[in-house]
Amino acid sequence: GMRGIGAMALLASATPLAQAFLGSPFVPARQQLLLPAGLCPPCSSPPGLHPPSVARSLYPGQRHPDRPFLRCDTRRSKPLTTTSSGAAGEGEFGLSKAEETGREAEEGTRPEWLPSFVPLGLTRKLHPLVQFAIMLACYAFHLLYLSKNSWNFPEQLIPNSKGAFQSIGLDSIAGLVVVAGVLVCRKLAGVSVIPPLLQSSNPPWRIPREAKKMLGGTTAYLLLAYIASGYGAVFCEQVLLLLSVYNVPLTIPTMRAWKVLLGHLMWVYMGIRILGTKHKPFFPPQGTWLRWRTNSNWVWWVVGSYYVSALLFNIADLVNQFILPSTIFDEESVVSKLVNPENKDLLAMAIGAVGPCISAPIFEEVLYRGFLLPALAAMMPLQWAIPTSSILFAVHHLNIGGILPLSVLGLAWAIIYTQSRNLLVTILIHALWNSRVFLGSFNSLCIPLPF
């Protein structure tokens, strides 16, 4: 399933996606990321009336190019939304109470689950660069210390031949601390201790009404593109072999890494083109299929969710050891060959890391949390759509031994996206998760640390 990995360069080159990250020169970035596309946002000018179809092309204070007497007002069109049960419903004019609550939370006000004695300054919105620095510091602490150390039990808690239950990793303890801290805060704040994680009264997507009948065709196109990228990878391999005949310096690990990366570049490009064309506009700010924001307090979502993801993965991996035969884990996958190339080929490792660490987090989150999850939620209740998308996410990686752990991660990240309402959160978690495998291998090969 390494063809499930994309390339940042191609994503940036895709016009709709580049506009979402870089912004449009005609509309302030804050308005682009805050306001759902296809809706008429409020404006400061005196209200005027115009049809909802005109509202889709107008921004605050902007007049219609052909009919200058029309201007933007607070009227809103009716996009297809999703209720708490996940059923498709019709939106209403104006912001709902849930949307107002979600926007206030994103703007840095006190969340409902935070006790009143916690200083409001802790929820103050931080500059994205400051948040990025905090995220990297917490990630380094987890990677270099928590994941490498454990607390040993006086004796094996449950006797078994697998060597399990003799200790608990500090990364698992850190995840337990995060979970316990959130539960205690919710208890002290007087709200439900365990929220309905598989439900959402305000999901981060609005599916256009006409898009539902096109979901089958889009899925078929994506499957064909995935298969075609496999043949493209084989073609790239033949080209690389031909280049080696003409004395181009290519080692076996390097050719393998190039084959995997180039084959998936085709898959990423075709996938973005399909989504952007079949459901135009798909990407923000005009598209309403997914939602991401850089100017919100995303860092605490990323750090806390990453720590909890490590806990959940460790639990799933432990269960895997008891339900699957050990021979399944002895097979060397393509990913393991990229992480641990022959002869410690650092160039091959660097090429192989581009996809998993940079582009896979973006493309796979767009594909599974940005497209598949809303598509499933349009056809079934959200509490079924979330686990279904998680299983499909795991199956796509074509690794029997990883079905359970990847399903657990997919379930956690789908819930995190639904609750945080920001795809940037799961993109960063995904990037940190994949990077730790390559960084761990690089650390052992090049600069082994004493701890």
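What FRET efficiency comes out for N247 versus R124 if R0 is 60 angstrom and r is the Cβ-Cβ distance? Round to the nearest 0.05.
For N247 and R124, the calculated efficiency is 0.50.
Could you give the accessible area per residue of the range 284-346, probe 1.4 Å, as a whole number in Å²?
Ligands and nucleic acids excluded, the figure is 48 Å² per residue.
Which of the lysines could a cross-linker span from K212 if the Cα-Cα distance has to be under 28 Å and same-chain partners fewer than 8 positions apart are dropped?
K78, K97, K278, K280
The range 171-244 to the range 147-169: how many Å between their Cα centroids?
When both Cα centres are located, 32 Å separates them.
Could you tell me the calculated FRET efficiency between N343 and F322, based on Cβ-Cβ distance and R0 = 25 angstrom, to the nearest 0.05?
For R0 = 25 Å, the calculated efficiency reads 0.10.
So, with a 1.4 angstrom probe, what is the percent of accessible area on the range 264-387 that is carbon and sulfur? Walk me through the intermediate numbers first.
Values: 3240 of 4920 Å².
Carbon and sulfur: 66 percent of the exposed surface of the range 264-387.
The values are calculated or read from the model by the stated rules, or taken from the named source; none is laboratory data. For clarity, every value in this text was computed on a predicted model and none was experimentally measured. Cβ sites come from the backbone with ideal geometry, for glycine too, and all protein chains shown count toward neighbours. For the accessible areas, the whole protein counts, side chains as well, though only heavy atoms, and no ligand, DNA or RNA atoms are used. Shrake-Rupley method; radii C 1.70, N 1.55, O 1.52, S 1.80 Å.
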